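Q: Please find one structure pasted underneath; my questions will follow.
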Amino acid sequence: MGLEDPPAERRASNSDEERDESRLAQFGYKQELKRDWGLAHNFGVSFSIISVITGITTLFSYGLNTGGPAVMSVGWILVSLFTMLVATAMAEIVSAIPTSGGPYFWAAMLAPPKWSPFAAWLTGWYNLLGQVAVTTGISFGLANLVPTAIIVKNPDFVPTPRVTIGIYAAILISHGVVNTFGVRILRYLNNVSIVLHSAGITAICIAVLAKAPTHQPASFVFGHFNDGTGVDGADGWSIRASPAYVALCGALLSQYTLTGFDASAHLSEETKKASWSAPIGVVSSVGFSALFGFFVLMAFLFSIQDFEATLASSYGQPVLQILVDVAGEDGALVLFTLIMICVWHCGLFSMTSNSRMMFAFARDGGIHPFFHKVDARFRSPIRAVWLAATLSFILALPSLGSSVAFAAATSIATIGLYISYGLPILIGVFYHDSFNAMKGPFNLGVFSRPVALAACTWIGFITVVFCLPTANPVTRETLNYTVVAVGILSIGAIGSWLLWARRWFTGPAAEVAEAMRLGVDVTEPGALESREKAEEARALALSRGDAPSQ
């Protein structure tokens, strides 16, 4: 008896579950995924996917060469402030519409009926591109860190692009396997990830600061500008264009790192009290990551021993060079291994979020319904998991012939995701009265529109900036193919809509419309599915000439 919940607690828990399922049913969906995540778990997924140590470590070299410490430190502060505006505006929508579909579903619900399907279609494809690219950026970043660590004890080892791609494939497979068979342990891995990303990385930063033989002055950390964007002896962009151009491009490190917090929304159908927990997960994950990331960045920048030697590190990884200078090779390997474990967890939960978005998009007809399938035994959208893994692998293939492929993947992730965040926010600005009618417990009140407008302005700005070339001269190998990938997706999404998708894609709102047509109370969990099955049985009976049962 001592192991059972008190009756009052059970009733409260059942009441929360009923409210969550009722809210989901209002949008025409039944509860298919297991709802056993709490606020801490929901926060943890976004916190793990943002994973400041992942973005900072994998793009540290990019940051040092594209503006240097001054742009990295000051840029982090500015980007964090604007990202918090985006997160706050997005959290208000999450509270109103807590479904796994996330941005594309919000766009459909907020847009007027005439434009609802197109808004869902366009937003969904941008979000899908961003989700795939962010998984690529994380896991491919780890695939580059692994051979880098091997070089420490094996300096003759040469990591070719094919070797890196092979490591990358193995990492994606490991993430796919866990997401396929280990859904029950994802919560526990999530707890481990939170500890690693907080206590573990804090310990690393304190150790680095404490053991560093010397520390750089604040004037270096906040004022030293470096332009390493020139290739093969060519002038950098600060000479060809201006230092401001380099600084804008250098903001990618901060903006890419603070990306992926829509995971709290994609996990909302598995989260208890989703209308409150999911938006808090969005905002808190960005807030804590901004503060924590600044601490990590400061620890590394202040601990640089020789700036030029760090840039030209024989390991090809400035963070590893900083660790070696501070703790020696053996100590550096231990610390770097902990960082790589954090990056692995980040990639794992990125695929979790990615697969949920694809599952929901398939449920609404955005991609083939084959991928709308939850395995009855493992309670996981297994087909969507492996679709996410396959697309992420394909997106990394240009790295076989491009020296800036990784930076481009991070740009694609940033632009794709933020456009998908911005579209529903912008729709909510234009159709604010409709949005007000459906708002949840997280409500900005009179600040709703100003915050949303500021967020949309920032998203439009970075969309242009991160499509710009970051290496000079611009050649086939140094081209920032972000504009190509985003352009192809934009043309493809709009073109396919005009040619054929508009004839059959009705968007998620069609489920609600169907419930209304059948005269079903859409607030009753599972009622829509039961009525549809009854209608199918009635139609089958009529086709056989049987009298339909009453």
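Q: In segment 52-98, which residues are open to solvent by 10 Å² or more (accessible area, probe 1.4 Å) and touching a His at 6+ places or on another chain (Cβ under 9 Å)?
A: Once the filter is applied, which keeps residues that are open to solvent by 10 Å² or more (accessible area, probe 1.4 Å) and touching a His at 6+ places or on another chain (Cβ under 9 Å), segment 52-98 yields only 70.
Q: Continuing with this model, one more query. So is residue 362 more than 25 Å from residue 167 (Cα to Cα), part of a helix (DSSP H, G or I) and at pLDDT 85 or above or not?
A: yes
Q: For segment 431-475, how many residues are without any contact (Cβ under 8 Å) to a residue 40 or more places away in the chain and basic (Lys, Arg)?
A: Result for segment 431-475: 1.
Q: Here's something else I'd like to know. Hey, does segment 397-413 have a residue that's among the aromatic types (Phe, Trp, Tyr), modelled with pLDDT of 90 or more and part of a helix (DSSP H, G or I)? Can you show your working first?
A: Taking segment 397-413 first, the residues among the aromatic types (Phe, Trp, Tyr) are 406.
Of the ones still in play, those that are also modelled with pLDDT of 90 or more are none.
Within segment 397-413, none of the residues are among the aromatic types (Phe, Trp, Tyr), modelled with pLDDT of 90 or more and part of a helix (DSSP H, G or I).
Q: Moving to a separate point now. If I ask for residues that are farther than 30 Å from residue 208 by Cβ and either assigned to a strand (DSSP E or B) or open to solvent by 30 Å² or more (accessible area, probe 1.4 Å) (or both), which ones from segment 276-297 would you list? Outline the logic, then answer.
A: Start the filter on segment 276-297 by keeping residues that are farther than 30 Å from residue 208 by Cβ, which leaves 276-280, 282.
Across segment 276-297, the qualifying residues are 276, 280.
Q: Here's a follow-up. Suppose we filter segment 440-487 for residues that are under 25 Å from residue 244 (Cβ atoms) and open to solvent by less than 20 Å² (accessible area, probe 1.4 Å); how many remain?
A: Of the residues in that region, 11 qualify.
Q: Look at segment 298-336 and say how many of its residues are part of a loop (DSSP other than H, G, I, E, B) and either open to solvent by less than 50 Å² (accessible area, probe 1.4 Å) or in contact with a Lys or Arg (Cβ under 7 Å, 6 or more places away or on another chain) (or both).
A: Matching residues across segment 298-336 total 5.
Q: Residue 119 fails exactly one of the following numbered conditions: (1) of a type outside the set (Val, Ile, Thr); (2) touching a Ser or Thr at 6+ places or on another chain (Cβ under 9 Å); (3) under 23 Å from residue 279 (Cα atoms). What is the number of that condition?
A: It fails just one condition, (2).
Q: Quick one: which helices (runs of 4 or more DSSP H) lie wholly within segment 159-265 and hold at least 2 residues that are touching a strand residue (DSSP E or B) at 6+ places or on another chain (Cβ under 9 Å), closer than 18 Å to residue 60 by Cβ and of a type outside the set (Phe, Trp, Tyr)?
A: Answer list for segment 159-265: 243-250, 252-257.
Q: Quick check on segment 193-216: of everything there that is of a type outside the set (Gly, Ala, Ser) and open to solvent by 70 Å² or more (accessible area, probe 1.4 Å), which residue is nearest to residue 281 (Cα to Cα)? Please lay out each step first, then the result.
A: So the first thing to find is which residues in segment 193-216 are of a type outside the set (Gly, Ala, Ser), and the list is 194-197, 201-202, 204-206, 208-209, 211, 213-216.
Filter again for open to solvent by 70 Å² or more (accessible area, probe 1.4 Å), leaving 195, 206, 211, 213-215.
Numbers: 195: 17, 206: 27, 211: 35, 213: 39, 214: 39, 215: 36 Å.
By that ranking, first place goes to 195.
Q: Moving to a separate point now. Among what's in segment 120-154 and is more than 21 Å from residue 392 (Cα to Cα) and not basic (Lys, Arg), pick the residue that is surrounded by the most Cβ atoms within 10 Å (Cβ to Cβ).
A: 120
Q: Scan segment 31-44 and give yes if some residue there is among the charged types (D, E, K, R) and at pLDDT 60 or above, otherwise no.
A: No - not one qualifying residue is present in segment 31-44.
Q: Looking at 380, 411, which is the one that is over 17 Å from residue 140 (Cβ atoms), under 22 Å from the mean Cα position of the chain (by Cα) and open to solvent by less than 10 Å² (accessible area, probe 1.4 Å)? It would help to see each step written out before you state the result.
A: On the way: 411 fails: over 17 Å from residue 140 (Cβ atoms).
On inspection, the qualifying residue turns out to be 380.
Q: If I go through segment 372-401 residue by residue, how many of them are within 25 Å of residue 146 (Cα to Cα) and touching a residue at least 60 places away in the same chain (Cβ under 8 Å)?
A: 14
Q: For segment 217-247, give me the residue count where each residue is open to solvent by 70 Å² or more (accessible area, probe 1.4 Å) and of a type in the set (A, V, I, L, M, F, W, C).
A: Residues flagged as open to solvent by 70 Å² or more (accessible area, probe 1.4 Å) and of a type in the set (A, V, I, L, M, F, W, C) within segment 217-247 amount to 3.
The rows are residues; the columns are (1) within 20 Å of the chain's Cα centre (by Cα); (2) not in a helix (DSSP H, G or I).
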position	(1), (2)
90	yes, no
93	yes, no
99	yes, yes
107	yes, no
114	no, yes
118	no, no
136	yes, no
147	no, no
156	no, yes
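Q: What tally of residues in segment 155-190 results from selecting those that are touching a His at 6+ places or on another chain (Cβ under 9 Å) and open to solvent by 70 Å² or more (accessible area, probe 1.4 Å)?
A: 0
Q: On the basis of being out of contact with any Pro (no Cβ under 6 Å at 6 or more places or on another chain) and among the charged types (D, E, K, R), does residue 364 make the cut?
A: No, not satisfied.
Q: Another one. State whether one or more residues within segment 362-371 are farther than 23 Å from residue 497 by Cα and touching a residue at least 60 places away in the same chain (Cβ under 8 Å).
A: no
Q: Between residues in segment 235-253 that are over 12 Å from residue 64 (Cα atoms) and residues that are in a helix (DSSP H, G or I) and open to solvent by less than 30 Å² (accessible area, probe 1.4 Å), which pairs lie under 6 Å by C-beta distance while being six or more apart or on different chains?
A: Here the result reads 237/246; 238/246; 245/237; 248/465, each pair linking segment 235-253 to a residue that is in a helix (DSSP H, G or I) and open to solvent by less than 30 Å² (accessible area, probe 1.4 Å).
Q: Something else: Give me the pairs, please: first residue somewhere in segment 493-505 and at negative phi, second residue anywhere and open to solvent by 10 Å² or more (accessible area, probe 1.4 Å) and outside any helix (DSSP H, G or I), beta-carbon distance under 8 Å, and either six or more positions apart or on two chains.
A: Close Cβ pairs (under 8 Å, with a partner that is open to solvent by 10 Å² or more (accessible area, probe 1.4 Å) and outside any helix (DSSP H, G or I)) amount to 504/365; 505/365.
Q: Is it true that some residue in segment 229-242 is basic (Lys, Arg), closer than 30 Å to residue 326 by Cβ and modelled with pLDDT of 90 or more?
A: Checked against the condition, which is being basic (Lys, Arg), closer than 30 Å to residue 326 by Cβ and modelled with pLDDT of 90 or more, segment 229-242 yields no hits at all.
The values are calculated or read from the model by the stated rules, or taken from the named source; none is laboratory data. Keep in mind it's a predicted model, so treat the numbers as computed, not measured. Neighbour counts run over all protein chains shown; Cβ positions are idealised from the backbone, glycine included. In case anyone asks, the SASA skips ligands and DNA or RNA and just uses the protein heavy atoms, side chains included. Shrake-Rupley method; radii C 1.70, N 1.55, O 1.52, S 1.80 Å.
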